[in-house]
Amino acid sequence: MNIDNYYTVGQAYTVQWKLVKKGKSIIDKQPSTWEQVSQFLVPELKTAEGLIYVAGAGDLIKHAALAGGMSCTYFQKLGFNAIILGGAVRDINELKELDIPVIASNIIPSDTQGAYCVSETGTHCRIEDNIIHTGDLIISDPNGTVVIPFNLIDQVIDAAILISRTENTMLEKIKSGQRLPELINETGRI
């Protein structure tokens, strides 16, 4: 996919990761790394049409990949419109073959096994200061990604349409010779 030219929209489906902490006893059997991470493949979904895969753990996880080439290919096959990771991704050559955008903080060869586990799916996740709930509207293009809470979708879309109309009118007036400072004073927009 040409990451310089994409536009995607869909509802979030979230995966929350968390740091793995040792158990109370060092001799007690611990879950396998597969048991700790398998839910990131969202086995509860048979299809993901209209959804955007969103995974986070709070702070950006830059030292371990939250997904890679095989899992992202699988997510595309499930029907996700895009993949947004609150951290790193791996297997860049496989990701370049995908038809959906994969948005991540960085590329790294290491994965999360043994260091992180999936704490829940289909509820919410956190990426830095943003809490994303399953069902929230995600709009993303090369300029950035916006999350609109589900209960505000209609209100935000209506406001965005008004802003877009105003700014498009301003742009046409600038092209026809009007000065931007006067237009800003007139509309309150820039």
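The values are calculated or read from the model by the stated rules, or taken from the named source; none is laboratory data. Small disclaimer: the values here were computed from a predicted structure and weren't measured. Cβ: placed from backbone, ideal geometry, glycine included. Neighbour counts: every protein chain shown. Surface accessibility is based on the protein's heavy atoms, side chains included, excluding ligands, DNA and RNA. Shrake-Rupley method; radii C 1.70, N 1.55, O 1.52, S 1.80 Å.
Numerical summary
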item	result
Of N168, N81, N130, the one that fluctuates the most in a GNM where the chain has Cα springs shorter than 10 Å	N168
Region 109-190: trypsin sites (Lys or Arg not before Pro) in DSSP loop, at most 14 other beta carbons within 10 Å	R179, R189
Accessible-area order (highest first, 1.4 angstrom probe) of the listed residues D28, D59	D59, D28
Within the accessible area of the chain (1.4 Å probe), percent carbon and sulfur	53
Efficiency of FRET from Cβ geometry, K77 and K22, R₀ 45 Å, rounded to 0.05	0.80
Distant-in-sequence amide H partners of G58 (H built 1.01 Å from N, under 5 Å)	R126, I127, E128
Spin-label pair E97/N5, simplified geometry with 7 Å Cα→Cβ offset, distance in nm	2.3
Heavy-atom SASA rank of K18, K29, K96, K77 (probe 1.4 Å, accessible area, largest first)	K29, K77, K96, K18
Top positive-direction residue, dipole computed over region 34-181 with Cβ charges, set V89, L41, I174	I174
Point-charge dipole on Cβ atoms (K/R +1, D/E -1) for region 1-147, about Cα centre, debye to 20	560
FRET efficiency, 1/(1 + (r/R0)^6) with R0 30 Å, evaluated for S119 and N143 via beta carbons	0.45
Spin-label model distance (nm) - H63 vs E172, 7 Å beyond Cα toward Cβ	5.5
Value of [θ]222 nm, deg cm²/dmol, for the chain, DSSP H segments ≥ 4, -39500 (n - 2.57) each, nearest 500	-7500 deg cm²/dmol
Spatially proximal aspartates and glutamates relative to K22 (Cα-Cα < 17 Å; intrachain offsets below 8 disregarded)	E35
Highest-fluctuation residue, A57, A65, A159 considered, GNM on the chain with Cα pairs under 10 Å	A159
Most mobile listed residue (L66, L171, L51) in the chain, GNM with C-alpha springs under 10 Å	L171
Descending semi-axes in Å of the chain, equivalent ellipsoid built from Cα gyration tensor	39, 17, 16
Förster radius 30 Å - calculated FRET efficiency between I184 and T47 (Cβ-Cβ, nearest 0.05)	0.05
Å² per residue, accessible surface of region 37-102 at 1.4 Å	42
